[in-house]
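The values are calculated or read from the model by the stated rules, or taken from the named source; none is laboratory data. Not measured: the values here are computed from a predicted model. Cβ placement follows ideal geometry from the backbone for every residue including glycine, while neighbour counts extend to all protein chains displayed. Note: accessible area is taken over every heavy atom of the protein model, side chains too, but ligands, DNA and RNA are not part of it. Shrake-Rupley method; radii C 1.70, N 1.55, O 1.52, S 1.80 Å.
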Amino acid sequence: MKKTLTSLLCAAVSLTLLSLACGEGSPPQVPQPLEDGGVLWTECSPEGAREDCSQGESCIFVASHDRHLCVRACDSQTACEHPDAVCCPSSGEGAEGGHCVPSNACVPTDAGVDGGSNEETDGGALEDGGTSTDDGGTQEEDAGVDPEPDAGTDPEPDAGVDPEPDAGTEPDAGTDAGTDAGTDAGTDAGTDGGTDAGHTSIRVMASNLSSGNYQSYDPGHGIRLIKGVDPDIVLMQEFNYGSNSASDIRSLVDQIAPGFHYSRETGAQIPNGIISRWPIIQFGQWPDPRVSNRDFAWARIDIPGPRDLWAVSVHLLTSSSSNRNAEAQAIVNEVRSQIPEDDYLVIGGDLNTDSFSESCFATFRQVVTTAGPHPADHNGNTGTNSNRNKPYDQILVDQDLRQYQQATVIGSSTFPNGLVLDSRTYRPLSEIAPVQSGDSSSSNMQHMGVVKDFLVPNF
């Protein structure tokens, strides 16, 4: 892979599918960067093409880049979506179609040296396959000021939230009474909320997976990541989509899991909320004492069996560990005064913590367990920020629920302590379709999703 351009062209010209004219002194290019910080083409190896490339891509050697890259198939009727990509036709007897490649890399030669196809070769959009360089937490979140004043605010305060959040009444505008809440979300990755000999499988996910410039799920990277692991309960942060109208939020939820229920806080620039397979019978928000652009969203969920599950979706400040500890203490106080000890409790989301030794973990320990082992990716890495070196995102549960935690199993992959979802390291991606390899490194994707599974008795 790291040979020089001249030696590759001279020694392996018969194996080159896409090449430029042979010349000396032109160094190989790196995969082309995008304006949002990603990379249009992902590197791959012919032997591991199915694992390296997303569905619909092939692993092809591009001589001008001196490496194998994941590219999508195209033909005269299929335009390449990115403006810097061209549909480079294959040539040779019987050759049809071509591939979307960098515009400066298109000199068609004989086809047939495909490094391996990842299932289908049609449809789908090119993903941002590079690495994000922004790891500074959430955008302008500590200042409480939206860089785009109209972006991320809720023009319709009744959309997805209870106008009387502390009243504890039956939700009307805030949760969807979808009749299909117990159905399969459409993938094989998750638990499907199923029961087994008197038990219910519950997959919980912490999701601060907004991307793009407006702290929203509009670009779709986060939607794919959530859908790919098929959770039953999602603790959402930066819960923005479209205009934030009731219909737009309903559309977002249905893209993740059709018919699921949801609740979402009001009056927040970057609101927290909960999405649930099971009915949400109460919900509201507790004030965050250290920030003005969001609160802590809670929901009481009617899971199968006599005990309800209380979910608290939180987003702590990046500014200092002392602020995060004050926020944690405020949550603990509310839990102690509001939630019955006999019910289950999960607190989760974006804690923005630099290490597991932060004081807020000791504070949370008053109502939930915080000890490891913690969720990890395929490589055993527990970091959840974009650089994968800080434990930003967590799912913390009380001892009653912790005793029922089980391994997270997706396809042939098993994660004994839960999963940190990073599309850059997860293999094979086919297990978490429709996730694309660059989703976790898309512009302003500063967090990884976290998943834990529980097998809870129905008695």
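So, in the stretch 417-455, how many residues would count as being touching a Phe, Trp or Tyr at 6+ places or on another chain (Cβ under 8 Å) and either surrounded by fewer than 21 Cβ atoms within 10 Å (Cβ to Cβ) or on the phi > 0 side of the Ramachandran plot (or both)?
Residues in the stretch 417-455 being touching a Phe, Trp or Tyr at 6+ places or on another chain (Cβ under 8 Å) and either surrounded by fewer than 21 Cβ atoms within 10 Å (Cβ to Cβ) or on the phi > 0 side of the Ramachandran plot (or both): 1 in total.
From the list 284, 383, 372, pick out the single residue that is touching a Phe, Trp or Tyr at 6+ places or on another chain (Cβ under 9 Å) and open to solvent by 30 Å² or more (accessible area, probe 1.4 Å).
Only one candidate passes the filter, namely 372.
Considering only residues that are surrounded by fewer than 22 Cβ atoms within 10 Å (Cβ to Cβ) and more than 17 Å from residue 224 (Cβ to Cβ), which ones fall in the stretch 243-265?
Across the stretch 243-265, the qualifying residues are 243, 245, 246, 247, 248, 250, 259.
Which residues, taken from the stretch 289-337, are open to solvent by less than 10 Å² (accessible area, probe 1.4 Å), touching a helix residue (DSSP H, G or I) at 6+ places or on another chain (Cβ under 8 Å) and within 18 Å of residue 351 (Cβ to Cβ)?
Within the stretch 289-337, 296, 312, 314, 316, 317, 324, 327, 328, 331, 332 qualify.
Looking only at the stretch 359-369, count every residue that is farther than 25 Å from residue 414 by Cβ and open to solvent by 20 Å² or more (accessible area, probe 1.4 Å) and tell me the total.
Looking only at that region, the number is 5.
Please go through the stretch 41-62 and give me each residue that is over 28 Å from the mean Cα position of the chain (by Cα) and either under 14 Å from residue 100 (Cβ atoms) or at pLDDT below 70 (or both), ordered by number.
Within the stretch 41-62, 62 is the sole residue that qualifies.
Go through the stretch 344-456 and tell me which strands (runs of 3 or more DSSP E), entirely inside it, have 1 or more residues that are of a type in the set (S, T, N, Q) and closer than 19 Å to residue 231 by Cβ.
The qualifying strands (runs of 3 or more DSSP E) are 393-397, 408-410, 413-415.
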